Amino acid sequence: MNVHKVVVLFSGGVESTCMLYMYLKKGWLVYPVYVKAGYPWESLEFERAKGLWLYTKKKYKNLMPLRVLTTLNPERVKDRKHDKNLFIPLRNINLVAMAGNYALLKGIKCVAIGSLGIYPFPDNNADYMKRLQSLINVELLTPFMGMEKHEVIRGFSEGVPLDKTLSCIRPKKSMGKIIPCGVCEKCKERQEALKHLLL
């Protein structure tokens, strides 16, 4: 039997975790990758993502090892104000290129990214992803494109440990626990989206 395989860009945030579980539930062999580019939040974000991977691996045999891929930070993001207008140049093309290269090395034909396409950035919309697809030799899957974060949660979070996800650009570690700052734009977006589960 020919089993579907997919490389999933996985950061441990809401969208990437829901996407990871979506493909796991379908029975696909899922190869998660975390791309490090030298951003200040990555060490704690990855630590949290690894814990989430370990938790999920106990439930799904079709979850493959979590791989870390390294690319270059295109600019000094830590020197800029972190708000909803923070555009990171070449971010998505770097993510897709790294994951695409890994997929080709593994003989995998699909790469999935959890972009919603709702942010006003030139590399975060359906047209950009289609043009990017034409440049690579793997199929680029964007299952949540055009959705709001709360729509992803409402439609794809069943069985997903949302309490273990992290979406924060200033996380801290206290008494061995990784804690989101609660005030950055990423935290605010996550909190607002989670409120919809209570409505």
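Laboratory data are not the source of any read-out in this text; all were calculated from the coordinates shown. Everything numeric here is computed off the predicted structure, so don't read it as measured data. Quick reminder, even Gly has a Cβ in these numbers, built from the backbone with ideal geometry, and neighbours come from all protein chains shown.
Taking amide H as placed 1.01 Å from N in the peptide plane, the amide H of Gly12 sits under 5 Å from that of Thr17, each at least 5 places away or on another chain. The longest part of the chain holding none of the exposed loop trypsin sites (Lys or Arg not before Pro), meaning those outside H, G, I, E and B in DSSP with at most 16 other Cβ atoms within 10 Å, is 110-199. As a proxy for reagent exposure, ranking Val111, Val183 by other Cβ atoms within 10 Å from fewest up yields Val183, Val111. Residues whose amide H lies under 5 Å from that of Lys36, counting only those 5 or more places away or on a different chain, are Leu69, Thr70, Thr71; hydrogens are built 1.01 Å from N in the peptide plane. Legend: calculated FRET efficiency, Leu105 to Lys25, from the Cβ-Cβ distance at R0 = 35 Å, rounded to 0.05, equals 0.85. If a spin label sat at a point 7 angstrom from the Cα of Leu54 along the line to its beta carbon, the backbone N atoms of region 135-167 nearer than 18 Å would be those of 161-166.
For the chain, the fraction of C-alpha pairs more than 29 angstrom apart is 18%.
Do you know the relative contact order of region 133-199, to the nearest whole percent, from alpha carbon pairs under 8 angstrom that are 6+ apart? It comes to 31 percent, rounded to a whole number. Shown is the FRET efficiency for Leu162 and His4, computed with R0 = 30 Å from the Cβ-Cβ distance and rounded to the nearest 0.05: 0.75. Note on region 143-182: Kirkwood hydrodynamic radius from all Cα pairs is 12.1 Å, rounded to one decimal.
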